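Right, one structure below, let's go through it.
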Amino acid sequence: MTDDTPPGSFHPPVRTLMGPGPSDIHPRVLAALSRPTIGHLDPAFVAMMDEVKGLLQYALQTRNPLTLPVSAPGSAGMEACFVNLVEPGDKVIVCQNGVFGGRMKENVERCGATPIMVVDDWGKPVDPQKVDDALRANPDAVALAFVHAETSTGACSDVKTLCDLGRQYDCLTIVDAVTSLGGVELRVDAWGVDAIYSGTQKCLSCVPGLSPVSFSERAAARIAARSTRVQSWFLDMNLVMGYWGSGGKRAYHHTAPINPLYALHEALVMLREEGLEAAWARHRLHHRALAAGLQAMGMRFLVAEEHRLPQLNSVYIPAGVDDARLRTTLLEDYNLEIGAGLGDFAGKVWRIGLMGHASRKQNVLQCLAALEAVIAAQGGEINTGVAVAAARGVYEQQVMQG
Ligand SMILES: Cc1ncc(COP(=O)(O)O)c(C=O)c1O
């Protein structure tokens, strides 16, 4: 060590987060995070845990008793679903239309099971016909896994139709709702989802690091009837429930992330206050305004309109623009973060998030104004002077219909 000046406190810059997540966190949620830490078996904390479970049941539209936040990010929720429901030698149908289906495949393999892949192009939703064909060809498959909201592209798949198919073939369904929860319609019980996991850092606008999960009775029965022990001690739902279970008895399993759970509680209280359907409508409105502005500039979407996620807008980068330079300028000059493309779309698309608290008029207008200024300054081929007006037009129309 040559420099013996000790580091000082870390003060992050104040950004506007309009990438693929994490999203802007509401000040109420940040304030909740800084409340005094209490013991994880303190009666006051245990009472709050029960509220978190109830609020999650509301957010997921389920009565599943086995509904709780796993103490780790969305990837751990994914792993919790697979390690609890899949045993060595099983067959699982895995749909892949972007990055995250690939991770599901890997989870299945690491469980000692065989993934049967149903592949769709990036930017397209999962094709129910292909899933039907795969289920028919593999009657011994125990589960069907797919991503509701593919964050790598912004495509939304039809959960209800896919779960209907799963049930028709007596297959459990495992659904990735990391980017969908709170942003688009999602009804766990009505749509017959068996296992679902999400994240806190997207449309819930909470801090990253927690993963809400929920298991249907059918899924819980499968876990109880396993012939092998769940290979992960930390994610074994039988053990986790000893801490999260109701009925007053709580046994130490791990030290819960107490303050992040205050934050989740607050984020879910806010969702309840707003109302789920109002939150879905808000995401749609701001997406329509953003899309109007981007299209007025002449930009094209990656995903067809009927399959687009309002909270994740993938648009082709206009000709003449240097992707990395533009995103750096947005960050440095406007404190605005948008996301880069992934995989084959790296350098070809941007992913503009409108998730949770970030899904608001001020962000839409600032993002359009900043994008237009920086693209134009870099000599990109866009129409100028029209984007903000097009977005405002959507808001004015909304007020008139209102
Ligand atoms: C669809 C999807 N699944 C899973 C994950 C993994 O979540 P985390 O990064 O919180 O582990 C993400 C994260 O972006 C995601 O978008």
Förster radius 35 Å - calculated FRET efficiency between Glu381 and His11 (Cβ-Cβ, nearest 0.05):
0.35
Compute the accessible area per residue over the stretch 42-166, keeping the other protein chains in place, probe 1.4 Å, unit Å².
34 Å²
Counting DSSP beta bridges with both ends in the chain, the antiparallel % (nearest 5):
50 percent
Of the listed pairs Lys53/Lys91; Lys53/Lys202; Lys202/Lys361, which have alpha-carbon separations greater than 28 Å here?
Lys53/Lys91
With the full set of protein chains in place, find how many percent of the accessible area of the chain is carbon and sulfur; take the probe as 1.4 Å.
53 percent
When the stretch 54-207 is reduced to its Cα atoms, the Kirkwood hydrodynamic radius in Å:
15.2 Å
Please give the solvent-accessible surface of Asp121 in Å², to the nearest 10, using a probe radius of 1.4 Å with every protein chain present.
100 Å²
Taking a cut-off of 17 Å between Cα atoms, list the aspartates and glutamates near Lys105, but don't count ones fewer than 8 places away on the same chain.
Glu79, Glu87, Asp90, Asp120, Asp121, Glu150, Asp176
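Stokes-Einstein at 10 °C, 1.306 mPa s, Kirkwood radius from Cα pairs: D for the stretch 259-359 in µm² s⁻¹?
104 µm²/s
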Whole number please: convex hull volume per residue, Cα atoms of the stretch 174-329, in Å³.
190 Å³
Over the chain, the quotient of the Cα radius of gyration and 2.2 N^0.38 Å is 1.02
Solvent-free Debye scattering, log10 I(q)/I(0), computed from the Cα coordinates of the stretch 192-233 at q = 0.14, 0.15, 0.27 Å⁻¹
-0.47, -0.52, -0.92
Ordered by packing density, taken as the mean number of other Cβ atoms within 10 Å over each peptide's residues, highest first, how do 14-25, 130-141 rank?
14-25, 130-141
Just the accessible area per residue of the stretch 202-304, please: how many Å² with a 1.4 Å probe?
42 Å²
Sum -39500 (n - 2.57) across every DSSP H segment of at least 4 residues in the chain, then divide by the residue count to get the 222 nm mean residue ellipticity, nearest 500.
-13500 deg cm²/dmol
Please compute the Kirkwood hydrodynamic radius of the stretch 22-87 from all pairs of different C-alpha atoms, in Å with one decimal.
14.2 Å
Considering only C-alpha atoms, what is the centroid distance from the stretch 162-229 to the stretch 329-382, in Å?
31 Å
Taking Cα pairs closer than 8 Å and at least 6 residues apart, the relative contact order of the stretch 134-266 in percent is 16 percent
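The values are calculated or read from the model by the stated rules, or taken from the named source; none is laboratory data. Values in this document were obtained by computation on a predicted structure and should not be read as measured data. Quick reminder, even Gly has a Cβ in these numbers, built from the backbone with ideal geometry, and neighbours come from all protein chains shown. Side chains are part of the model used for accessible areas, which takes the heavy atoms of the whole protein and leaves out ligands, DNA and RNA. Shrake-Rupley method; radii C 1.70, N 1.55, O 1.52, S 1.80 Å.
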